[in-house]
Structure formats: C-alpha cells, structure tokens
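Quick notes on the structure that follows.
Just so it is clear, none of the values below were taken in a lab; they were calculated from the coordinates. This one's a predicted model, so the numbers in the text were calculated from it and none came from an experiment. As a convention, Cβ positions derive from the backbone with ideal geometry for all residues, glycine included, and neighbour counts pool all protein chains shown.
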Amino acid sequence: MSTTETLIAAAEAHGAHNYAPLPVVVASADGAWMTDVEGRRYLDLLAGYSALNFGHRNRRIVEAAKAQLERVTLTSRAFHHDRYAAFCEQLAQLCGMEMVLPMNTGAEAVETAVKTARKWGYRVKGVPAEMAKIVVAGNNFHGRTTTLISFSTDPEARADFGPYTPGFEIVPYGDLTAMRSALSENTVAVLLEPIQGEAGVLVPPTGYLPAVRELARERNVLFVADEIQSGLGRTGRTFACEHEGVVPDMYVLGKALGGGVVPVSAVVSSAEVLGVFRPGEHGSTFGGNPLACAVALEVIAMLRTGEFQDRSARLGERLHRELAALADGERVTAVRGRGLWAGVDIAPKHGTGREVSERLMDRGVLVKDTHGATIRIAPPLVISEEDLDWGLAQLAAVLEG
Ligand SMILES: Cc1ncc(COP(=O)(O)O)c(C=O)c1O
C-alpha cells in the first residue's frame, strides 16, 4: 500500500466517518498550494471553505501567532489579557459596530447570535417568556449543533438527531412575501446568509437583502447576517451585505477571522444588543484567548487596507469571465457567485460534482462538491492570476471529454 492508502485506511479505522474527504493526504502547504505525503502538489481552490482567505501559512499571520506564542496563549476569561481590548475595539470598528462577543467555531458564534437575539427579544423588545421566534431561510447552513440542525432543511444534517429545538420558522430563501408573512410580534430575529455557501453559492435576487433589512427595521426585528463564509473579503468586499448597501444589526463571523491558524469566531453588534449579557450567561473557555486575538488582530489589519477585498473583486471578475465561457450547457449548466467565490453546476454527462472533483484532483487541483452536481470554487485571495488561470484550464480540460 502507498503511504496515502495506509494513512487513509488508518483514518477510516479510527476516525468517525462524518466526512467523505477526497483521497489526498496533505503534508504541507504554502500560499495557494498544498503538497501531499507523496510529494505531489495541488492548487487549493477551496481554501478551507473560506477559512484560508489569506492563504496557507500567511507570513504576517504566522509571525503574529509566533510572537504571541512566546508571550501568553490562554488565560480563560477569568482574567483580562492585553490583546482582548484591541481585538474587540478593532473588530467592532471594522464592522462599523460597537461590541464584540468572541467564540471559537462558526457554529458557536451562530448559537451565540441565537441566544443574543432571544435575550434581546425578552429584555428589550418585550416578547413574552419562551415565545421568541427566529425566522431562517430554507437551504441554510449555519453549523452542526443540535439547535442549528433543528432549523436545517437538509435531511442528512437532521435525521436521527432529534428532538429538535423549537422557536424557528423556515421560509424560502429569496422570497420576500414569505418573509413578510413569517414575521410576527414575537419574532426577535431574521437569520440569513447573505449568500448561501453550502447550498451551492446561491446569491439572492437583487433587492431581497435591502427589503429584508427594511422589513426587519419596521417590525423591530434584528437582522442577523451570518457572514462566516461570505465575509472578510471573499466576495470582493469586507462583507457580502455591502454589495447591496445593507448593514445588518449583527454580523456573525468565523472562518477567515482565524487566519487559517486557529479557530476564531465572533458576534458583532450594537451596545444595545450585545449589552444584554450579564456575567455567567454565556461564554467559552477558549473564546477571545490571547493567541486567537493576536491572529485576528493581524487579519483585521490586513482587511483594513482593502487590498484583499480589491484583489478578490479583480480576480473574481477573471474567475467569473472564465466560468461564463464554460457555461454553454454542455460543460457547465449554471454559475453563481461574487468575487473569488463560485458555485458551478456541472452538466450531467460529465458525472457528479464528486467525480469532477476527483478528476480535478488527478490534475493537481482541489475543489469540493456540494449537492450532487455542484462544485464550489473559493481560492485563497492571495492566489496569482497565473495559478487561477491554470486551475481553470484544468477544469476546462476535465470537461472536454
Ligand atoms: C454560513 C456558515 N455558518 C456557519 C458555519 C459553521 O462554521 P463551523 O464549521 O466553524 O462551525 C459555516 C461553515 O461552513 C458556514 O458556512
């Protein structure tokens, strides 16, 4: 057996089968490239589902992490530490908000948003106890906890994991009429991905997000934007909401905030909203730890210049131009997305998204399929034009036959 086969067999023997990874075993990575245990190189066109927006082992981020590793890495929130204030202040500033509540994973941050909205609903809006409702969209993906899968519409995510958490109402994504009629006096929040990533990079109809924004304002409901995958430069702006001039009441952030180094997530909102928490009501041992704050501070500094957002917008035009040329119905049936982010529906005669991903892997390009026929392309924003062109040429070659 090859080293790859041996390691995959051992992973399958001892690791739970909750993912179906492509059969590649990565040993090292740099920028937009990964190298496997056999020494083969692969262009990474997935970027850890946007967790690696700044590339693998980005020098600035690694240096910031190393410097912090030499000082202090964890205090728990029992004590203050000297990176916390700057992290909260600068992240709030980047978001145009006032307060931050740090966690670690994306799912934890969405859970935090749910708790925040409910408490705000009871304490500020005046919703009767236990009656708070949160409206979400069909085909959403917000994470894997029992509460979050309670409002998933994906049978694989839900089956056998009940009983489910009540208090959520699901409406079709992009349907304003359904959204309007779902809002009631007890609605505390609307929770949406401004672009649905896992669903296949679905961009809602133009005008939908501003209309939901307005509706939420009218009905005294919080508009919560889950920008865990769409945010922090991915779409060519800091936040996907910006494309339509929308400012939510709360951002939920994760993935790229950790610079591809450590899990860092956060809820960012106004003092009125996040001010509802009292000591003991919510928290996390690791949330807001010194190492996480140091890494995130570097990420925030990098985003502040706008350089990565511009790069994503510019290379994104190139990406979408090339993909549009493939979308002739014979090779690709549809392409969606913004910036360096695309969902590509493969014509059925070329096989499933998984099969196309495997053929791309054989050509040294890594992507990931979703929902049968779709592949997702989300390169690190640091990818060079040449590498992007080369990766797309491999896709064209795979779809040639
Ligand atoms: C929009 C969105 N929300 C939440 C999550 C969950 O994040 P995590 O996997 O870090 O828990 C994801 C992960 O893909 C996501 O795309």
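If you take all other residues with their beta carbon under 12 Å from the beta carbon of residue 90, and give Lys and Arg +1 and Asp and Glu -1, the sum is 0. Rounded, prolate or oblate: pick one for region 130-173, where a ≥ b ≥ c are the square roots of the eigenvalues of its C-alpha gyration tensor, a/c under 1.5 means rounded, and failing that, prolate if a/b is larger than b/c, else oblate. Because a/c hits 1.5 or more and a/b fails to exceed b/c, region 130-173 counts as oblate. Springs join every pair of Cα atoms under 10 Å in this Gaussian network model of the chain, and among 51, 13, 199 the largest mean-square fluctuation is at 13. Just to confirm my numbers, what's the Cα centroid distance between region 129-177 and region 337-383 in Å? For region 129-177 versus region 337-383, the Cα centre distance is 27 Å.
Computed over region 233-291, the percent of Cα pairs more than 17 Å apart is 53.
Run lengths n ≥ 4 of DSSP H only: what is the helix-derived mean residue ellipticity at 222 nm for the chain, with -39500 (n - 2.57) per run over all residues, to the nearest 500? Walk me through the intermediate numbers first.
Numbers: 14 runs with 144 residues, N = 401.
Mean residue ellipticity, 222 nm, calculated: -10500 deg cm²/dmol.
Overall shape: oblate for region 195-309, with the ratio a/c of the largest to smallest alpha carbon gyration tensor axis at 1.5 or above and b/c at least equal to a/b.
Residues 232, 291, 253, 101, ranked from the fewest to the most other C-beta atoms within 10 Å, line up as 291, 101, 253, 232.
For residue 66, the lysines whose Cα falls under 21 Å of its own Cα, not counting residues fewer than eight places away in the same chain, are 255.
Rank these for me by crowding, 395, 215, going from fewest to most other beta carbons within 10 Å.
Working: 395 25, 215 16.
Going from sparsest to densest Cβ surroundings: 215, 395.
Highest GNM mean-square fluctuation among 182, 27, 256, for the chain modelled with Cα contacts below 10 Å: 27.
The residue list 290, 240, 260 was ranked by how far each Cα lies along the charge dipole of region 59-304 toward its positive end, using unit charges on Cβ atoms, and 290 comes out on top.
Look at where the Cα atoms of region 278-312 and of region 1-44 average out, and the two centres are 29 Å apart. Whats the longest run of the chain with zero GluC sites (Glu not before Pro) that are DSSP loop and have at most 14 other Cβ atoms within 10 Å? Answer from the scan: 186-280. Here the residues 390, 341, 120, 33, ranked from fewest to most Cβ neighbours within 10 Å of their Cβ, fall in the order 390, 33, 120, 341. Both radii are taken from the alpha-carbon atoms of the chain; with Rh as the Kirkwood radius, Rg/Rh is 0.96. For region 1-153, a/c is not less than 1.5, where a ≥ b ≥ c are the root eigenvalues of the C-alpha gyration tensor, and a/b does not top b/c. That puts it in the oblate class.
Provide the net charge surrounding residue 142, with neighbours chosen by a C-beta distance below 14 Å and charges set as Lys +1, Arg +1, Asp -1, Glu -1. Local charge sum for residue 142: -3. Summing Lys and Arg as +1 and Asp and Glu as -1 over all other residues whose Cβ lies under 11 Å from the Cβ of residue 205 gives a net charge of -2. Quick one, could you list the DSSP H helices from the chain stretching 18 Å or more along their long axis (Cα atoms) with average Kyte-Doolittle hydropathy of -1.0 or above? Span-like helices, by this rule, are 106-120, 290-304, 307-326, 385-398.
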